[in-house]
Amino acid sequence: MLAAAGVISLSACAARDNSSSGGNASSAPQAAAPSAAADAADPAGDGKAQCAPTSIAYAGTINGANAALGQNILNGAKLAVDQHNKANAGCQVKLQQFDTEGTPDKAPGIVTQIVNTPGIIGVVGLPFSGESKAAGNIFNSAGLVTVTPSATNPTLSENGWKTFFRGLGNDNTQGPAAAKFMTGELGAKKVCVIQDDSDYGTGLATSTIKALGSAVSCQDKVKTKQTDFSAVVNKIKGDKPDAVFYSGYYQEAAPFAQQLNDAGVTAKFVGPDGVKDDEFVKGAGDAAKNAYFTCPCVPADQFTKFSDAYKAETGKDPGTYSPEAYDLATILLKGIDSGKKDRAGLLDFVKNYDGQGITKHFKWNDHGELSSTTVWTYKVENGKIVRNTEIK
């Protein structure tokens with residue numbers, strides 16, 4: 001995903017202390033959410049854009065496993081397109097939607113369908129690392145630019161693809177940040193790392209284990225769609241760790257956390273961005289009260305204009321990577337508004353883009369990686385996922 005070239009920094013925005021959070025609080029005070037920059041790009045532009053009808057696409061899971069993560073992204077991109085079209089009667093852009101179900105098996109066929117649709121000149125997606133690995137070469141061969149708000153496996157930018165651009169930090173950033181959070185803020189001396197069999201889970205676990213070093217007290221693997229975790233739970237219970245890091249997605253993380261809780265394991269449960277979703281909270285039940293998350297995503301609390309518009313359109317608050325998708329769709333729209341009419345033109349626009357979004361400054365290196373990114377931690381409080389601290 002949601003799993004490395006380029007220099008990565010963990011200090012994109014400064015954390016300011018405002019208040020200590022109650023209930024399941026960590027030792028550090030909650031950091032204030034950053035405000036949207038005054039010069040953040042607006043998809044509405046100046047309202048004077050002129051263009052022939054054209055299309056961009058969302059490609060990713062809509063109805064498959066872990067679909068909520070994809071729907072967050074789709075809704076963020078859709079909001080940007082809707083705001084653009086409302087303001088620019090002379091330049092109407094269609095957002096076409098393609099459901100890959102988030103799987104490496106299905107994605108290549110869907111991506112082939114996309115690249116064979118000449119009117120599509122840019123893509124928001126793919127959300128997951130496994131599907132990105134399986135289909136990235138198809139986008140590249142077609143010269144069709146893709147901007148991912150969530151695929152974090154570091155090796156994706158090492159394939160020589162000229163059309164791949166990542167709108168967040170990769171897992172060579174998130175892994176060390178997660179390790180620092182667990183051993184620092186949570187005070188964990190012993191950490192069990194459990195990974196699923198996805199490209200995302202495998203890559204992130206590798207990075208996290210390396211950063212944890214001697215603090216890793218046990219490791220194990222689970223499978224996608226696994227529901228019985230008794231063997232892994234027993235291993236963890238015997239190890240008595242201070243924290244359990246689950247490297248994977250919420251579909252398996254929720255029952256796994258619940259089974260740990262039922263077995264009396266009191267270790268802090270830490271999941272990455274692939275677990276940070278309200279569906280995890282629903283599925284994990286009581287176990288969610290003891291959960292934390294790491295994510296190379298910025299809290300949307302103070303992105304008031306965006307958040308209000310998102311809720312008005314969807315009926316719910318922005319989810320993980322909704323703001324990032326909004327930013328990336330806005331960049332594609334700015335390219336179209338500037339006169340880019342085809343794939344080559346829009347690819348060149350993104351390649352040379354240098355501008356501020358609501359979540360961060362966007363400027364990519366030759367590998368499609370951002371030069372500066374940030375990682376935040378989140379926690380469950382009163383049944384909701386809330387911001388915790390920025391990892392420095």
Problem - Dipole in debye (nearest 20) - the chain, about Cα centre, beta carbon charges: Lys, Arg +1; Asp, Glu -1 - result: 280 debye
Fill in the blank from the handout: Checked the chain against the a/c 1.5 cut and the a/b vs b/c comparison, axes a ≥ b ≥ c from its Cα gyration tensor; verdict prolate
Problem - Computed magnitude of the charge dipole of the range 156-248 (debye, nearest 20; Cβ of K, R +1, Cβ of D, E -1) - result: 120 debye
Exercise for the section: For the range 150-215, just say rounded, prolate or oblate: build the C-alpha gyration tensor, square-root its eigenvalues into a ≥ b ≥ c, call rounded for a/c under 1.5, and beyond that prolate if a/b exceeds b/c, oblate if not. Expected result: prolate
Exercise for the section: Choose one of VAL111, GLN96, THR61: the residue whose Cα lies farthest towards the positive end of the charge dipole of the range 40-166 (beta-carbon charges +1 Lys, Arg; -1 Asp, Glu; about the Cα centre). Expected result: GLN96
Exercise for the section: Starting from the Cα of LYS223, move 7 Å in the Cα-to-Cβ direction to define the label point; list residues of the range 188-206 whose amide nitrogen is under 14 Å from there. Expected result: 196-198
Problem - Relative contact order (%) - criterion: Cα under 8 Å, at least six apart; region: the range 104-245 - result: 20 percent
Exercise for the section: Using 0.36 nm per residue of separation minus the Cα-Cα distance, give me the extension gain between ASP348 and ASN137 in nm, one decimal. Expected result: 74.2 nm
Problem - Heavy-atom accessible surface of the chain: percent carbon and sulfur, 1.4 Å - result: 48 percent
Problem - Solvent-accessible surface (1.4 angstrom probe) belonging to ILE209, in square angstrom, nearest 10 - result: 40 Å²
Practice task
Give the percent of DSSP beta bridges with both residues in the chain that are antiparallel, rounded to the nearest 5.
Solution key: 30 percent
Completion exercise
Placing each pseudo-label 7 Å from Cα in the direction of the beta carbon, GLU158 and LYS316 end up separated by a distance in nanometres of 3.6 nm
Handout entry: Highest-first arrangement of 113-123, 188-198, 40-50, where packing means the average Cβ count within 10 Å
Key = 188-198, 113-123, 40-50
Exercise for the section: Determine how large the accessible area of ARG387 is when every protein chain is in place; take a 1.4 Å probe and give Å² rounded to the nearest 10. Expected result: 30 Å²
Problem - Cα→Cβ-extended label distance, 7 Å offset, between ALA231 and GLN97, nm - result: 4.0 nm
Practice task
Go through LYS162/LYS340; LYS106/LYS268; LYS210/LYS384; LYS78/LYS221; LYS240/LYS282; LYS78/LYS180 and tell me which ones have a Cα-Cα distance over 29 Å in this structure.
Solution key: LYS106/LYS268; LYS210/LYS384; LYS78/LYS221; LYS78/LYS180
Fill in the blank from the handout: Rounded to whole Å², per residue accessible area for the chain with a 1.4 Å probe reads 38 Å²
Exercise for the section: State to the nearest 20 debye the size of the charge dipole of the range 56-116 about its Cα centre, where the only charges are +1 on K and R beta carbons and -1 on D and E beta carbons. Expected result: 220 debye
Exercise for the section: Estimate the FRET efficiency between ASP286 and ASN63 by the formula 1/(1 + (r/R0)^6), using the beta-carbon distance for r and 41 Å for R0, to the nearest 0.05. Expected result: 0.90
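The values are calculated or read from the model by the stated rules, or taken from the named source; none is laboratory data. In this text the structure is predicted, and so the values were computed from the model without any measurement. When we count neighbours, we look across all protein chains shown, and the Cβ atoms used for this are built from the backbone with ideal geometry, even at glycine. What goes into the accessible areas is simple: the full protein's heavy atoms, side chains included, and nothing from ligands, DNA or RNA. Shrake-Rupley method; radii C 1.70, N 1.55, O 1.52, S 1.80 Å.
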